[in-house]
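Chemist: Just dropping this structure here.
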Amino acid sequence: MLKTASVTKFRDRFAEYVEELHEEGTLYVLRHSEPVAVMLSPEYFQEIQEQLEDLADMIQAIEEYRNGKDIVDADDLFGELGI
């Protein structure tokens, strides 16, 4: 479920919302029903960072493959790894 709070409620209940982040993961702060800020739990933020790093690695690998760089035959790799 998407957790939201108005700017006024957020200001008045800041400590409570911070505690709830560990359960909810994300809180959208709204002004006039429009998002103006997002709070994330440290765990969720770390998860997002790791996913972005993995995505960047995949993009780099695809670009290198397209450019013919660092292409290794799967059989050769498995042989080197003893698989």
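Chemist: Looking at this structure, is A61 surrounded by 11 or more Cβ atoms within 10 Å (Cβ to Cβ) and in a strand (DSSP E or B)?
Modeler: Numbers: surrounded by 11 or more Cβ atoms within 10 Å (Cβ to Cβ): yes; in a strand (DSSP E or B): no.
No: the conditions fail for A61.
For every residue, the table says whether it meets (1) within 19 Å of the chain's Cα centre (by Cα); (2) exposed (fewer than 10 other Cβ atoms within 10 Å of the Cβ).
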{"position": "E16", "(1), (2)": "no, no"}
{"position": "L21", "(1), (2)": "yes, no"}
{"position": "P35", "(1), (2)": "yes, no"}
{"position": "P42", "(1), (2)": "yes, yes"}
{"position": "R66", "(1), (2)": "no, yes"}
{"position": "D75", "(1), (2)": "no, yes"}
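Chemist: Might you let me know whether the stretch 16-27 holds any residue that is in a strand (DSSP E or B) and touching a Leu at 6+ places or on another chain (Cβ under 7 Å)?
Modeler: The answer is yes, given that some residue of the stretch 16-27 is in a strand (DSSP E or B) and touching a Leu at 6+ places or on another chain (Cβ under 7 Å).
Chemist: For the stretch 21-37, what are the residues that are modelled with pLDDT of 90 or more and charged (D, E, K, R)?
Modeler: R31, E34
The values are calculated or read from the model by the stated rules, or taken from the named source; none is laboratory data. Remember, predicted model here, so these are calculated numbers, not experimental data. Heads up, the Cβs are rebuilt from the backbone with ideal geometry, glycines too, and the neighbour counts pull from every protein chain shown.
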